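Written out below as structure tokens is the structure these notes cover.
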Amino acid sequence: MDWEGVHGYGGQLDIRPAYQREFIYEVANEQAVISTILKGHPINIMYWVKNPGGDFELLDGQQRSLSICRFLDHKYYIFDKDGNKIYEDTILADDLDKIMNYELDICVCEGTEGEILDWFKTINIKGKELNDQEALNATHTGKWLSDAKRYFSKPNCAAYGLGKDYINGAVERQDFLATVLKWKSNGDAQGYMAEHRNNADATELWSYYQDVIMWIRAVFTNYRREMNSVEWGELYNEFKDKKLDAEKIETEIRELMQDVDVTKKSGIYPYVLTRKERYLSLRAFDDNMKREAYERQDGICPFCKNTGTFQKWKPIISLLA
């Protein structure tokens, strides 16, 4: 589904201005809009912005407006009082008239770009509130953002197809865009967007994302579901130029996955590169358990092969094996 260039009101209303979020309503939300209209109840005020040229932009009400359009375009059904599925072409004529002749409450606003964007953020505090990335998108509009959203924010976009196994989130709520921006900018997404706002395209960000995914697949050859909870960009930024043995890494990961003392399995991936134990969330052991493991393993850590006195020795894995 591509909502770019959606216009209404005789072509005078831009329903999808650049600062708008993606279409995020679920079918249940859309059905509720039509049900409200058929009952003759209000669906709340919508806000339009009047531009200097006399045309309009839809500031608030996109989700409701598109829900009406999608029903009339046979994209989803509603239920009648008996629970039967009803589409636009099977709805009663009287009910269709209620939809077609429903009067919307419109508030028309005029102001500067900054004022419009401030209104947009304020209005969206209610309902499905803007998340951080959606708020950033609203204030960093331009060609760069439009191109970035083409890669990272559309249903079934290129980024989703390439890396859906490695990112846990929804493209429509900007999770993919937010994630790759965080990786690329080392946590300063706002600064990166401000710097590149006037760029003609987002090919740099897209190329970076492709490099990260290709690196993951080359280094971690066996996919596991825990891989969608790893901050891959951070690992790529630090280790992309280092020579890594993928076979050795996989052997170590397999051993750690079977270890009951490692309570955070997704932490295995950063651990095998950084050697920072905090990623593993190791199970805590009392002194008696440590002592038994120490004696059983002859004072040698089975993982790092370090030796030491019991007081200084820190067991890492397989303490109860």
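The values are calculated or read from the model by the stated rules, or taken from the named source; none is laboratory data. This structure is a prediction, so every number in the text was calculated from the model and none was measured. Cβ atoms come from the backbone with ideal geometry, glycine included; neighbour counts cover every protein chain shown. Ligands, DNA and RNA are excluded from the accessible area calculation, which covers all protein heavy atoms including side chains. Shrake-Rupley method; radii C 1.70, N 1.55, O 1.52, S 1.80 Å.
Here is a yes/no grid of residues against (1) farther than 19 Å from ILE15 by Cα; (2) open to solvent by 80 Å² or more (accessible area, probe 1.4 Å):
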{"site": "ARG64", "(1), (2)": "no, no"}
{"site": "TYR77", "(1), (2)": "yes, no"}
{"site": "LYS81", "(1), (2)": "yes, yes"}
{"site": "LYS98", "(1), (2)": "yes, yes"}
{"site": "LEU104", "(1), (2)": "no, no"}
{"site": "CYS109", "(1), (2)": "no, no"}
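Using the structure shown, decide if ILE78 is touching a helix residue (DSSP H, G or I) at 6+ places or on another chain (Cβ under 7 Å), β-branched (Val, Ile, Thr), farther than 30 Å from ALA194 by Cβ and in contact (Cβ under 8 Å) with a residue 40 or more places away in the chain. Yes; evaluated as a whole, the condition is true for this residue. Among the criteria (1) over 18 Å from LEU177 (Cβ atoms); (2) part of a helix (DSSP H, G or I); (3) in contact (Cβ under 8 Å) with a residue 24 or more places away in the chain; (4) open to solvent by 60 Å² or more (accessible area, probe 1.4 Å), the one ARG217 does not fulfil is (3).
Residues considered: ALA194, ALA158, ALA200, ALA93. Of these, the only one that is surrounded by fewer than 16 Cβ atoms within 10 Å (Cβ to Cβ), more than 21 Å from the chain's Cα centre (by Cα) and touching a residue at least 12 places away in the same chain (Cβ under 8 Å) is ALA200. Checked against (1) in a loop (DSSP other than H, G, I, E, B); (2) in contact (Cβ under 8 Å) with a residue 24 or more places away in the chain; (3) surrounded by fewer than 17 Cβ atoms within 10 Å (Cβ to Cβ), CYS69 passes all but a single condition, namely (1). Of the candidates LEU130, LEU117, the single residue that is modelled with pLDDT under 85, in contact with a helix residue (DSSP H, G or I) (Cβ under 6 Å, 6 or more places away or on another chain) and surrounded by 11 or more Cβ atoms within 10 Å (Cβ to Cβ) is LEU117. Of the set (1) surrounded by 12 or more Cβ atoms within 10 Å (Cβ to Cβ); (2) at negative phi, all apply to PRO52 but (1).
Out of everything in the stretch 163-191 that is more than 14 Å from the chain's Cα centre (by Cα) and either of a type in the set (D, E, K, R) or open to solvent by 40 Å² or more (accessible area, probe 1.4 Å) (or both), what residue ends up being farthest from VAL230 (Cα to Cα)? Per the criteria, the residue is GLN190. Of note, PHE23 does not satisfy the criterion of being surrounded by 11 or more Cβ atoms within 10 Å (Cβ to Cβ), within 28 Å of LYS154 (Cβ to Cβ), in contact with a strand residue (DSSP E or B) (Cβ under 6 Å, 6 or more places away or on another chain) and among the aromatic types (Phe, Trp, Tyr).
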